[in-house]
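Here the structure comes first, spelled out in structure tokens, and everything after it is commentary.
The values are calculated or read from the model by the stated rules, or taken from the named source; none is laboratory data. Predicted model only: the values in this text are computed from it and were never measured. Cβ placement follows ideal geometry from the backbone for every residue including glycine, while neighbour counts extend to all protein chains displayed. Calculation scope for accessible area: heavy atoms of the full protein, side chains included, ligands and nucleic acids excluded. Shrake-Rupley method; radii C 1.70, N 1.55, O 1.52, S 1.80 Å.
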Amino acid sequence: MDNLNKKLTVMAETTTSDMGPFGSCIIEGKPDPSTIVIVGASGDLTARKLLPALFNLYLNDYMPDPFLIVGCARSKMSDEGFRKKMKKALIDTNNLDNQKWETFAKFLLYRVIDYKSLHSFKNLADSLRDMDREYGTGGNRIFYLSTPPSLYKTTAIMLGKAGLSNEKTNQNGWSRIVVEKPFGRNLNTAIDLDRSLHKYFHENQIFRIDHYLAKETVQNILMFRFANAIFEPIWNRQYIRQINIIAAETLGVEHRAGYYEQAGILRDMFQNHMMQLLALTAMEPPSMFEAERIRDEKVKLYQAIRPFPTRDLQNYLILGQYGSGIIDGKKVTDYRHEPGININSLTPTFAGMKVLIDNWRWQGVPFYLTSGKRLSKKLTEIVIHFKDVPHSLFRQTLGEEITANQLILGIYPDEKISLTFQTKNPGAKLCLRSVAMDFQYHQNYSGPVLDAYEKALLDCMLGDHMLFWRQDGVEICWSFLTPILDKCETCQDRSRMLLSYESGSWGPRLLKRSKGEEPPP
Ligand code: NDP
């Protein structure tokens, strides 16, 4: 809440006709002076996502003033060595402005840590105190856990024991901890991880990041639904036949074999990103645009999800694993021959799921959630399929079939909202055609755009939990998925449940659908 008070809401007058006479913008206050400590800073996430995001925030003048970024890991590196590594990472992802980089790099430091040694964490605490004095960062710290998940518990406890979670003894500075997905591997391990985090950190200090939530077009779902009067009255079972949520990738497992073999698609995509997209699409309107109220509504939605009938799983869940095939004109290998993957692996790389929500709004409306690797196209979108017209007055000339309306909320690659409807084809003949009314998200906007990690990091610096998971949401989603995972991972005919699909296709066969239900794209 303290952070929200820092946000200044301005009603900015604008002459742009499509925004109306007033466009409402929230202008973020500048974060407090602070130090961002990245634990596991020698790794992939830091190089590919975190450092580029922090540098872009700096270029757009969103970083705290002053700020420090302190990388920590076991690898031995000097400050200069860390800067060189990060500069190379930035050159790989960006066109680097050398002059700006030189100024930014002065605030990059590195400390070696040993995860098993309390002494090592106490040394880190001493260093951070010295840095606060030297750079004026005021004792405010974010600890970003960018290590393998197996180290989250130990690291959180060591930080606590070294006094780094304690806000009272910390020259009145704040202390926050950011945890990357996966939040456990099932319900029990998620609860266990949470207990360890809570040994030294309070809930308001914990930020469970899901960068999907910070994507502009994902955030826009709430604006679209709740800032327009015309869609909400038809956003229910009376008008909607089904909803498809798809997150497809063309990439395979890449360099993350160790992680992926343990996780598979259900833990990697469904327990977090897909459930968030489902919640934003289906939740009830909160009474206020405020972190806790939004998270309350998401939890209520998760509570209404009908548990999977594990005896009839094949009609609700399809699992697949990619075989070889062609992606972007190039031949690609099958999952089991990827480097680091077990040749007999039964890890799913595709899942299609039918989810039903037991509440008044959604009774009987199926939600099809589909996600997979090595699919035909990189695509993330939510498609709302409306019901057919109740009666076709054109049936004598055009037959009974009239294509129903569709609303597409495009997240990637097209950041758009598209509504399809029927019109008459020009000319003497009577025939209908489907046309689309398209809105491109960046239309008529030329200001800075924050990518997902930039937005999530900025919100964490500002102390805003809106885009982060709350533990009750994590646990309810695990309660839904854990029985499915147990069933899939322990059943005798596990290998028969896993269907092979060709790389570059749309996955294995579709779920059995009731009559009239649309398949995914
Ligand atoms: P890495 O596997 O690259 O590990 C990060 C660092 O942790 C390594 O550089 C290494 O540093 C240290 N480390 C690795 N294995 C061990 C070990 N067994 N014991 C102690 N230290 C070890 O992870 P990523 O950077 O890819 O990811 C970090 C976290 O973010 C993970 O939890 C991951 O699940 C999550 N994540 C990653 C994404 C990505 O795109 N990479 C996307 C979303 C989430 P050193 O040896 O120097 O100590």
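Computed values, structure above
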{"item": "Approximate shape of region 192-239 as ellipsoid semi-axes (Cα gyration tensor, √5λ), whole Å, largest first", "result": "36, 13, 10"}
{"item": "Extension gain, LYS88 back to GLN443 (0.36 nm per residue minus Cα-Cα distance, nm)", "result": "124.5 nm"}
{"item": "Average accessible surface area per residue within region 382-516, 1.4 Å rolling probe, Å²", "result": "54"}
{"item": "Of all accessible heavy-atom area on the chain, the percent that carbon and sulfur account for (1.4 Å)", "result": "52"}
{"item": "SER371, SER287, SER495, ranked by accessible area, largest first (probe 1.4 Å)", "result": "SER287, SER495, SER371"}
{"item": "Out-of-range pairs (alpha-carbon distance over 26 Å; input LYS87/LYS455; LYS100/LYS181; LYS88/LYS161; LYS354/LYS378; LYS215/LYS331)", "result": "LYS100/LYS181; LYS88/LYS161; LYS215/LYS331"}
{"item": "Sites matching chymotrypsin sites (Phe, Trp or Tyr not before Pro) across region 377-453 that sit in DSSP coil, with at most 14 neighbouring C-beta atoms within 10 Å", "result": "TYR445"}
{"item": "Local electrostatic count, ASN56, Cβ distance below 10 Å [Lys/Arg +1, Asp/Glu -1]", "result": "-2"}
{"item": "Extreme residue, positive dipole direction of the chain, given options LEU369, ILE142, MET283 (C-beta unit charges)", "result": "LEU369"}
{"item": "Along principal axes, Cα extents of region 144-222, largest first, whole Å", "result": "41, 31, 19"}
{"item": "Tail fraction, Cα-Cα pairs, region 198-327, threshold 19 Å, whole percent", "result": "64"}
{"item": "Burial ranking of peptide ranges 56-62, 125-131 (average Cβ count within 10 Å, highest at the top)", "result": "56-62, 125-131"}
{"item": "Cubic angstrom per residue, convex hull over Cα atoms of region 44-173", "result": "108"}
{"item": "Mean Cβ count within 10 Å, highest first, over the residues of peptides 343-352, 83-92", "result": "343-352, 83-92"}
{"item": "Placed amide H near LEU432: partners under 5 Å, 5+ positions off or other chain", "result": "ASN425"}
{"item": "Contact order relative to length of the chain, as percent, for alpha carbon pairs under 8 angstrom and 6 or more apart", "result": "17"}
{"item": "Principal axes of region 306-396: Cα extent on each, largest first, Å", "result": "56, 36, 22"}
{"item": "Kirkwood Rh and Cα Rg combined as Rg over Rh, evaluated for the chain", "result": "0.98"}
